[in-house]
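Right, one structure below, let's go through it.
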Amino acid sequence: MSTTETLTIAPAGSWQLDPVHSSVAFEVDYLAGTFKGDFREVEATLDVEGESARLEGTAKVSSVDVKDENLAAHLQSPDFFDAERHPELRFTAEDINPGEAVTVKGEITIKGVTKPIVLAGTVSPPLADYSGNERIGLKLTTTIDRTEFGIDWNLPLPTGQPALANEVQIVGDLYFVKAD
C-alpha cells in the first residue's frame, strides 16, 4: 500500500508577515566591497489552500535604510527608486514549490517595471511561539539586474569601470504568523 504526501509551504490558512522580525534587504558590489541596505516598512501575506499558495508583498521605498541619510535620499531620488513616482516595490507569486529547497516563481515590480523572477531558499517547519501563535520562517534570495528596472545610475572610476555593479542580490528573511 502506498501513500501520497501532499507537500505545501505551510499549513492551510492565511499567514501575515511579522514586520518586527522580518527583513527585505539588498546587496550590490560597490567599489572594493559590498553595499547593503534594507527596507524598514514591509508587508506580506501568504495564503495557503490545499496544494496552492499565494505570496504577496510590498516594501515602501521611503523606508530604505542605509548608514547615511544623504545616501538614503539619493536612493529615493529618480536616479534610483524614484519614491515620489513609485512609492512601493511589489512582489506576487502563485508558483511556490516547497521541498528541501523552496522555489518561488513570481513577478517583481520596481520603479514601475514588472519582470518575472525566481527566488530560492528555505522554509522552517511550523512551530508555536510563546503566545501559542503558529509561525513559519521563509528565507528567499534572488539576483536581479537593476538596469532592467530603469535603475541606471553609476559613477565611472578612473579606470573607466563602473563604481556600482548591475547585479543586485535581494534577500527576504520573512517570519509569518498564522492569522486567527
Over the chain, the sum of -39500 (n - 2.57) across DSSP H runs of at least four, divided by residue number and rounded to 500 deg cm²/dmol, gives at 222 nm -1000 deg cm²/dmol
In Å, the Kirkwood estimate of hydrodynamic radius for region 84-133 over Cα pairs equals 13.1
Any idea which of GLY137, ALA93, VAL123 is furthest toward the positive side of the dipole for region 87-143, if Lys and Arg beta-carbons carry +1 and Asp and Glu beta-carbons -1?
ALA93
Round to a whole angstrom and tell me the spacing of the C-alpha centers of region 2-73 and region 102-180.
6
Simple SL model, points at 7 angstrom along Cα→Cβ for LEU127 and ASP79; separation in nm is 4.4
At R0 = 25 Å, how high is the FRET efficiency between ASP145 and LYS67 if r is their beta carbon distance? Nearest 0.05 is fine.
0.50
Rounded to a whole number, what is D in µm²/s for the chain from Stokes-Einstein with the Kirkwood radius over alpha-carbon pairs (20 °C, 1.002 mPa s)?
122
Sparse-neighbourhood loop sites, chymotrypsin sites (Phe, Trp or Tyr not before Pro) in region 36-87 - DSSP loop, at most 11 other Cβ within 10 angstrom:
none
Cross-link table LYS36/LYS139; LYS67/LYS139; LYS67/LYS178; LYS60/LYS111, entries beyond 22 Å C-alpha to C-alpha:
LYS67/LYS139; LYS67/LYS178
Cα radius of gyration and Dmax for region 126-171 (Å)
19.4, 58
Apportionment of accessible area to carbon and sulfur, the chain, percent (1.4 Å)
50
Positive minus negative residues near PHE39 (Lys, Arg vs Asp, Glu; Cβ under 9 Å)
-1
Ratio of Rg to Rh for region 8-98, alpha carbon only, Kirkwood?
1.07
Restricting to DSSP loop positions (anything but H, G, I, E, B) with no more than 11 other Cβ atoms inside 10 Å of their own Cβ, which chymotrypsin sites (Phe, Trp or Tyr not before Pro) remain in region 117-174?
TYR130
What range in the chain is the longest one free of GluC sites (Glu not before Pro) that are in a loop by DSSP and have at most 12 other Cβ atoms within 10 angstrom?
101-180
Report ³J(HN,Hα) in whole Hz for each residue of region 89-95, in order, from the Karplus equation J = 6.51 cos²θ - 1.76 cosθ + 1.60 where θ = phi - 60°; Gly and Pro get x.
9, 9, 9, 9, 8, 10, 10
Once phi for every residue in region 100-108 is put through the Karplus expression 6.51 cos²θ - 1.76 cosθ + 1.60 (θ = phi - 60°), the whole-Hz ³J(HN,Hα) values, with Gly and Pro written as x, are 4, 10, 7, 10, 10, 10, x, 10, 10
If every Lys and Arg gets +1 and every Asp and Glu gets -1 at its Cβ, then about the Cα centre the chain yields a dipole, in debye to the nearest 20, of 180
Would you mind getting the accessible area per residue of the chain, heavy atoms of the protein chains only, 1.4 Å probe, in Å²?
58
Counting trypsin sites (Lys or Arg not before Pro) as exposed when in a DSSP loop with at most 14 other beta carbons within 10 Å, what is the longest stretch of the chain free of them?
86-180
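The values are calculated or read from the model by the stated rules, or taken from the named source; none is laboratory data. It should be emphasised that the depicted structure is a prediction, and the values quoted were computed from it without experimental measurement. Every residue, glycine as well, gets a Cβ built from its backbone with ideal geometry; the counts of neighbours run over all protein chains shown. The area values use the complete protein model at the heavy-atom level, side chains included, leaving out ligands, DNA and RNA. Shrake-Rupley method; radii C 1.70, N 1.55, O 1.52, S 1.80 Å.
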